[in-house]
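Below: the structure, in structure tokens.
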Amino acid sequence: MIGYIESYDADSQTGVVKSEKNSYTFHLDDWVAQVSPDVGDDVSFDSEGTLARQIKLVGAYLTPPTAVKYKYVAAVLALLLGGVGVHRFYLGYYKIGLMQLALTVATHGYGVLWGFIDAILLFGGHINKDAKGRPFK
């Protein structure tokens, strides 16, 4: 069957696939793609009652992910504004960015060290993908 991801909860690793007028629940164990599901993704799947099994991305999602973000932009942001997590927001890691901001505020500026370490990891290639799993340019 063909449908789309109507909802997905990363914490419980469950979601809902909508196909025509029917909805099917799924667990991440039934997800076949290498990237995690996102709301609105077009998928093909097998149905077993109200469950979706063997869920696969269709269309443009079958091509390998293309680079969108720049490694050196992220590294410079980490050096200059790493304490407030701007580089993590740039890469799509919003929760980590908020944690960096909170740490910097709570420690009266010492969270800047985290940004400096992230800059070293970015320049060294140890952080090499954005939050969606796409490689850097």
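The values are calculated or read from the model by the stated rules, or taken from the named source; none is laboratory data. Everything numeric here is computed off the predicted structure, so don't read it as measured data. Neighbour counts run over all protein chains shown; Cβ positions are idealised from the backbone, glycine included.
Based on this model, can you work out whether Ala74 counts as hydrophobic (A, V, I, L, M, F, W, C), loosely packed, with under 13 Cβ neighbours inside 10 Å and either in contact with a Phe, Trp or Tyr (Cβ under 9 Å, 6 or more places away or on another chain) or in a strand (DSSP E or B) (or both)? The answer is no for Ala74. Pairing each residue of the stretch 121-137 that is under 18 Å from Val86 (Cβ atoms) with any residue that is of a type in the set (A, V, I, L, M) and surrounded by fewer than 16 Cβ atoms within 10 Å (Cβ to Cβ), provided the two are 6+ apart or on different chains, yields C-beta distances under 6 Å for Ile127/Leu121; Phe136/Ala67. The set of residues from the stretch 93-103 being closer than 28 Å to Val68 by Cα and surrounded by 16 or more Cβ atoms within 10 Å (Cβ to Cβ) comprises Tyr93, Ile96, Gly97, Gln100, Leu101.
Residue-level analysis places Asp41 among those that are surrounded by 13 or more Cβ atoms within 10 Å (Cβ to Cβ), modelled with pLDDT under 95 and touching a Leu at 6+ places or on another chain (Cβ under 8 Å). The residues in the stretch 1-39 that are more than 14 Å from Gly49 (Cα to Cα) and in a strand (DSSP E or B) can be counted, and the count is 12.
If only one of Val76, Val68 is at pLDDT 95 or above and out of contact with any Gly (no Cβ under 7 Å at 6 or more places or on another chain), which one is it? Every option except Val76 fails the conditions.
Does Ala60 satisfy the criteria of being part of a helix (DSSP H, G or I), out of contact with any Leu (no Cβ under 8 Å at 6 or more places or on another chain) and modelled with pLDDT under 95? In short, yes. Look at (1) within 30 Å of Phe26 (Cβ to Cβ); (2) of a type outside the set (A, V, I, L, M, F, W, C); (3) not assigned by TED's automatic domain parsing to the domain that holds Ala33 and you find that Arg53 fails only one, number (3). The residues in the stretch 1-35 that are in contact (Cβ under 8 Å) with a residue 40 or more places away in the chain and either surrounded by 13 or more Cβ atoms within 10 Å (Cβ to Cβ) or closer than 27 Å to Lys129 by Cα (or both) can be counted, and the count is 4.
When the residues of the stretch 104-134 are filtered to those that are of a type in the set (S, T, N, Q) and in a loop (DSSP other than H, G, I, E, B), the one that is surrounded by the fewest Cβ atoms within 10 Å (Cβ to Cβ) is Asn128.
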